[in-house]
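**Q** Structure in structure tokens, see below.
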Amino acid sequence: MGIRYDLVFERGFFRNPSENLVLKGTIVGTFDKEKFERSVLQLKIAHPILQCVVKQSIDGKVSYVYHKGATLKITYIEKKSQSQWVELVKQQEHVIFEFEKEPTVHFFVLYQEKEFDFIMIGHHMLGDGLSYLYLYHDLIECYCNGKKNLEIKESKPIQSVQNLPKGSQPSFLIRYIIKQLNRKWAKNRKILTQSEFKVVHQKYQEKQNIDVALFYLKGSEYQKLRQAVKQHQITMNTVILVALMKALRELTEFTEEKVTVAINLRNRLLFHPGRCIGNYAAAITKMLSYDLKKDFWENANHLGAMVQKEIQNPKKAFQLVHLFCLLDSSIFDGLFYSKYSDYTNDWLKKVSKLLNFKDHEEGIDLSNLGVFEIDLNTEKYQIKDMAYLPPAAAVYDKTIGVITYQDELAICISHKVKYLPKEKMEVIINRTKEILRELN
């Protein structure tokens, strides 16, 4: 079997010490271990990349390669509380993927008599948030709906800037600078081994430990908010972002936030990935400030327009993808290693300043998967709730994940406890929820 996926765009994620992406669903019904494992096997057949491990060549290039013994890791734990999954997610931040031995996604089941939590924790290198949602959907189809023989979906990683739309390329000057960086990096190259990366991962997790906060808007609360969003012709994403920014403006000393918003590029590429597993998302970044002299909807209109303008601009929307495709992304190996180990490299110090590679910035990273849609055709199972947590931003102190299922909006925030302790974040979260509840 000759499955191989060479990674170009995703190479920048490889040695990032904060790349865990989490999807969680609570399913009402009796858990059947054998049935679940058969469903996972079907998922593995339908998505051949799940039969692969990650290989790194001498020059630092990275590929997913078929491995006959690759087994998807499933961990079964007795469920003792509704918040147990959050503690599991926090623990797993400290667990490193063994790239050459296992697929880069782990499954966890927290089970009790009448319901179970199914948690998927995977590496961002495998795919974006929507990719994991498609995996989750397919597994639920197999387990809850009894679907067999899922359609096989070969992954199609972005291979070069030739896959990106015309008019999205950076300026000649930017491309020239990247070319010069690549040439100099070739003379100063430091490719991390797995053991060296473990040092980086451990040091990073010690310094940037996260906590997780979560709240839901359900039923009439959600419908009321949805109606207000529709009435004011603003996206749900904007309303959630601006509500958090208002709470931060009221409760902290910071007057502005560096905001990064994830965007789906699947329909803007020069090929059609469909429901394939891969990274077809990017992000735009803006400095934004909530004006306390204006009301909520004035702020939402103004800030939302600024964000949408960036998203619609091809050069802005594809900036990150072009950077990762053109830059020898193994340079990030050296940057992380020099920051979280005793390794020093004068040239990397200059590059770190050029790329604005910092330890911390006051900022918000926001990713919204939209509405999770699936029809359960059996009375045996019911999805009680969902939650989504993107990878904690390596620099920012706050990362937001949003997902909607039926009439339930779930907002999950990971935050760096060094900069935002749990008690302070709880106050901010409660105020954010209050603001959203009051909108009309």
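**Q** Whole-Hz ³J(HN,Hα) for each residue in region 375-381, computed from phi via Karplus 6.51 cos²θ - 1.76 cosθ + 1.60 with θ = phi - 60°, x for glycine and proline: what do you get?
**A** 9, 8, 9, 9, 7, 6, 10
**Q** So which GluC sites (Glu not before Pro) in region 74-170 end up in coil per DSSP with only 16 or fewer other C-beta atoms within 10 Å?
**A** Working: sites: Glu78, Glu87, Glu93, Glu98, Glu100, Glu113, Glu115, Glu141, Glu151, Glu154; in loops: Glu93, Glu98, Glu100, Glu113, Glu151, Glu154.
In loop regions of region 74-170 (DSSP not H, G, I, E or B), the sparsely surrounded GluC sites (Glu not before Pro) are Glu98, Glu100, Glu113, Glu151, Glu154.
**Q** So, one more: Hey, got a sec? Which GluC sites (Glu not before Pro) in region 367-417 land in a DSSP loop and have at most 13 other Cβ atoms within 10 Å? Intermediate values should be presented prior to the final figure.
**A** Values: sites: Glu373, Glu379, Glu408; in loops: Glu373, Glu379.
Of the GluC sites (Glu not before Pro), the ones in loops of region 367-417 whose Cβ has at most 13 other Cβ atoms within 10 Å are Glu373, Glu379.
**Q** What relative contact order, as a whole-number percentage, does the chain give when Cα pairs under 8 Å and 6 or more residues apart are counted?
**A** Values: 795 pairs, mean separation 109.0, N = 440.
25 percent.
**Q** Same structure, new question: With springs only between Cα atoms under 10 Å apart, run a GNM on the chain and tell me which of Ser83, Ser330, Ser414 wobbles the most.
**A** Comparing Ser83, Ser330, Ser414 in the GNM, the peak value goes to Ser83.
**Q** List every residue whose amide H lies under 5 Å from the amide H of Ala281, counting only residues 5 or more places away in sequence or on a different chain, with H placed 1.01 Å from N in the peptide plane.
**A** Here Leu265 satisfy the definition.
**Q** Report the trypsin sites (Lys or Arg not before Pro) located in region 238-316 that are in a DSSP loop and have at most 12 other Cβ atoms inside 10 Å of their Cβ, or state none.
**A** Loop-located and lightly packed - Lys293, Lys294.
**Q** At what distance in angstrom do the alpha carbon centres of region 25-43 and region 368-394 lie from each other?
**A** About 15 Å separates the Cα centre of region 25-43 from the one of region 368-394.
**Q** Sticking with this one: In Å², what does the accessible area per residue of region 271-393 work out to with a 1.4 Å probe?
**A** On the way: 5840 Å² over 123 residues.
Counting only protein heavy atoms, the per-residue value for region 271-393 is 47 Å².
**Q** Between His124, His47, His302, which gets the highest mean-square fluctuation from a Gaussian network model of the chain, Cα cutoff 10 Å?
**A** Most flexible of the set in this elastic network: His302.
**Q** Comparing Gln406, Gln312, Gln194, which has the greatest mean-square fluctuation in the GNM of the chain with Cα pairs linked when under 10 Å apart?
**A** Comparing Gln406, Gln312, Gln194 in the GNM, the peak value goes to Gln312.
**Q** From the cross-link list Lys350/Lys424; Lys24/Lys156; Lys35/Lys114; Lys293/Lys315, which pairs have alpha carbons spaced over 24 Å apart? Please report the intermediate quantities before stating the final value.
**A** Numbers: Lys350/Lys424 36 Å; Lys24/Lys156 26 Å; Lys35/Lys114 16 Å; Lys293/Lys315 33 Å.
In this structure, Lys350/Lys424; Lys24/Lys156; Lys293/Lys315 exceed 24 Å between Cα atoms.
**Q** Go through region 248-263 residue by residue and turn each phi into a ³J(HN,Hα) via Karplus (6.51, -1.76, 1.60, θ = phi - 60°); whole Hz please, and just put x for glycine and proline.
**A** Karplus values, whole Hz, x for Gly and Pro: 5, 5, 6, 10, 10, 8, 7, 9, 9, 10, 8, 10, 10, 10, 6, 10.
**Q** Roll a 1.4 angstrom probe over the protein heavy atoms and tell me the percent of accessible area of the chain that is carbon or sulfur.
**A** On the way: 9830 of 19930 Å².
The computed percentage sits at 49.
**Q** Say each of Ile77 and Lys424 gets a label point 7 Å from the Cα, pointing the same way as Cα to Cβ; how far apart are those two points in nm?
**A** Result: 2.8 nm between the two label points.
**Q** What's the longest bit of the chain with no exposed chymotrypsin sites (Phe, Trp or Tyr not before Pro), using DSSP loop states and at most 14 other Cβ atoms within 10 Å as the test? It would help to have the intermediate numbers written out before the result.
**A** Details: sites that count: Phe254, Phe271.
Longest stretch, sites excluded: 1-253.
**Q** May I pose another question? For Cα pairs less than 8 Å apart in space and 6+ apart in sequence, what is the mean separation divided by the residue count of region 30-132, i.e. the relative contact order in percent?
**A** Numbers: 131 pairs, mean separation 29.3, N = 103.
About 28 percent, as a whole number.
The values are calculated or read from the model by the stated rules, or taken from the named source; none is laboratory data. This one's a predicted model, so the numbers in the text were calculated from it and none came from an experiment. FYI the Cβ positions are ideal-geometry reconstructions off the backbone, even for glycines, and counts take in every protein chain you see. Note: accessible area is taken over every heavy atom of the protein model, side chains too, but ligands, DNA and RNA are not part of it. Shrake-Rupley method; radii C 1.70, N 1.55, O 1.52, S 1.80 Å.
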